[in-house]
Amino acid sequence: MSKIKTSYFCQSCGYQSPKWLGKCPSCLSWNTFVEEVIEKTNSNIPDWKAPSTSTSFQRAAKPQEITSIAYNEQQRILTHDGELDRVLGGGIVQGSLVLIGGEPGIGKSTLMLQLALTLKNQRVLYVSGEESDQQIKMRAERIDNARGSGNCYILTETSTQNIFKQIEELEPNIVIIDSIQTLYSAHIDSTPGSVSQVRECTAEMLRFAKETSTPVFLIGHITKDGMIAGPKILEHMVDTVLQFEGDRHYSYRILRAVKNRFGSAAELGIYEMQGSGLREVSNPSEILLSQRDEPLSGVTVSATVEGARTMLVETQALVSHSAYGTPQRSATGFDIRRMNMLIAVLEKRGGFKLGMKDVFVNITGGIRIEDPAIDLGLVAAIISSNEDIPVSYKTCFAAEVGLSGEIRAVNRIEQRIAEAEKLGFEQIFISKYNQKSLDLKRFNIEIVSVGKIEEVFNYLFG
């Protein structure tokens, strides 16, 4: 037996060092280095082998000219879940490795179990290292599609070697691992969840997925900072990284693609958590727009684009005199640094005195927006609250605000205008630089083109 070798790994980012360090030079975290074994202790332990490569000898890979490589576009597996198919880029790709991360209790296991139960024509193996068979069955009974699903198999196991033995016997079409931090491989002499174990188990699942063209879903834990637990290389190894997020005080969940080798990384899916599982929300504006009969100050509606989906979101702002010496700045669902920048533009270019006032901003529905096209709507909401003058609830905004107070153009403006018109809005504010490429005759909504922030205020509050 070869000599055992150890090394020190940072538990936050996976940085490797031959000796213990108090501070990680990569992520600058303190006291995160743990000694782990880095050499396989027993070469006789079986590893995953594809059925087609069961012989003791294998041909070494040789370089091929790219024009000589045969390529046949494979049909994706449709999941009967429109939101998940959209985020994945049109369905599940054969041989792909998908990692799903999120807060504890947000609904990751429910989403994957619901996927396993709805795929009637696919044999799905659901491997759980956290729950018993009875607990999974209890959750399945709460899901409407639980009965009549004969192609969903449950396995409670944490050893990758035992999992692969069951996979060879069952030959599933899709494998779901819940979760990757609970698995351990006999090749590595360390505890489950450590950097070495997570990396080795993921590598074994990656080899299995690529050699057999079987899609594998990995559920991953996250740290207190919101990052997926384990080394950062974990996200580089997989094909797709999905983030399942949401607020526990809201029933809505957002499935966002962080990385996707087979589709757009800007897509998102919206679900509503119910007692019978997760419900797809095909019209996001129904949760992002509040039902109100009369105009209210500090409330505006903006048109935003996430991937291929256009949504109308409601931006709320509250401006009040500061009761203390230092004014408060708070933002929910929006970057607070960008909010401070917009407030500075209002003071410098618009002449509004907001330096000694509290400003609170909220994006309704519990969703987080990073699209700069909601800048103009947010600015209008802040001034509406400051002046206590309501903006018509039939008015929409879609433009970016620059540091000099100019109204900048945004992309896909026609889709934003069409969505506002479809939902019954009568007026939309856009940049005058977007108007050059627009066919105004095709829209029945009033389009107001502005170039400076002063023009917006004079039009709304003048």
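What to note about this one:
- Verdict on Thr191 being among the polar types (S, T, N, Q), touching a residue at least 12 places away in the same chain (Cβ under 8 Å) and out of contact with any Asp or Glu (no Cβ under 8 Å at 6 or more places or on another chain): no
- Any chance Ala308 is buried (at least 22 other Cβ atoms within 10 Å of the Cβ), closer than 23 Å to Tyr252 by Cβ and among the aliphatic types (A, V, I, L, M): no
- Residue that is nearest to the chain's Cα centre (by Cα) [pool: residues in the stretch 355-371 that are under 15 Å from Arg338 (Cβ atoms) and open to solvent by less than 10 Å² (accessible area, probe 1.4 Å)]: Ile369
- Total residues in the stretch 242-264, condition β-branched (Val, Ile, Thr) and open to solvent by 50 Å² or more (accessible area, probe 1.4 Å): 1
- Within the stretch 419-439, the set of residues being part of a helix (DSSP H, G or I) and touching a strand residue (DSSP E or B) at 6+ places or on another chain (Cβ under 6 Å) comprises Glu419, Ala420, Gln435.
- Lys232 meets all of the listed conditions (1) touching a residue at least 24 places away in the same chain (Cβ under 8 Å); (2) open to solvent by less than 10 Å² (accessible area, probe 1.4 Å) but one, namely (2).
- Residue within the stretch 340-350 that is part of a loop (DSSP other than H, G, I, E, B), open to solvent by 40 Å² or more (accessible area, probe 1.4 Å) and without any contact (Cβ under 8 Å) to a residue 40 or more places away in the chain present: no
- Any hit, the stretch 219-228, residues being touching a helix residue (DSSP H, G or I) at 6+ places or on another chain (Cβ under 7 Å), over 26 Å from Ser7 (Cα atoms) and open to solvent by less than 30 Å² (accessible area, probe 1.4 Å): yes
- For Phe334, the test of being modelled with pLDDT of 85 or more, under 21 Å from the mean Cα position of the chain (by Cα) and not small (Gly, Ala, Ser) is passed.
- The criterion of at least 1 residues that are of a type in the set (Val, Ile, Thr) and closer than 25 Å to Glu171 by Cβ is met, among helices (runs of 4 or more DSSP H) falling completely within the stretch 69-158, by 108-118, 133-142.
- Residue among Glu446, Glu400, Glu454, Glu387 that is open to solvent by 50 Å² or more (accessible area, probe 1.4 Å) and free of Cβ contacts under 8 Å to residues at least 60 places away in the same chain: Glu446
- Residue among Gln122, Gln134 that is over 25 Å from the mean Cα position of the chain (by Cα) and without any contact (Cβ under 8 Å) to a residue 24 or more places away in the chain: Gln134
- If you go through the stretch 188-201 and keep only what is farther than 17 Å from Tyr15 by Cα and surrounded by fewer than 24 Cβ atoms within 10 Å (Cβ to Cβ), you end up with Ile188, Asp189, Thr191, Pro192.
- Tabulated pairs, the stretch 419-443, first in contact (Cβ under 8 Å) with a residue 40 or more places away in the chain and closer than 23 Å to Val313 by Cβ, second of a type in the set (Lys, Arg) and surrounded by fewer than 18 Cβ atoms within 10 Å (Cβ to Cβ), C-beta under 7 angstrom, 6+ apart or interchain: Phe425/Lys394
- Of all residue pairs spaced 6 or more apart or on separate chains, those with beta-carbon atoms under 6 Å, a first member in the stretch 1-12 that is under 11 Å from Val195 (Cα atoms) and a second member that is at pLDDT 80 or above and hydrophobic (A, V, I, L, M, F, W, C) are Tyr8/Trp20; Tyr8/Phe33; Phe9/Val195; Cys10/Cys24; Cys10/Phe33; Gln11/Val34; Ser12/Cys27.
- The stretch 252-303, subset among the hydroxyl-bearing types (Ser, Thr, Tyr) and over 20 Å from the mean Cα position of the chain (by Cα), residue nearest to Thr364 (Cα to Cα): Ser290
The values are calculated or read from the model by the stated rules, or taken from the named source; none is laboratory data. Treat the numbers as computed from the prediction; the structure is a model and nothing was measured. Positions of Cβ are backbone-derived with ideal geometry, glycine not excepted, and every protein chain shown enters the neighbour counts. Heads up: the accessible areas ignore ligands, DNA and RNA and are worked out on the full protein's heavy atoms, side chains in. Shrake-Rupley method; radii C 1.70, N 1.55, O 1.52, S 1.80 Å.
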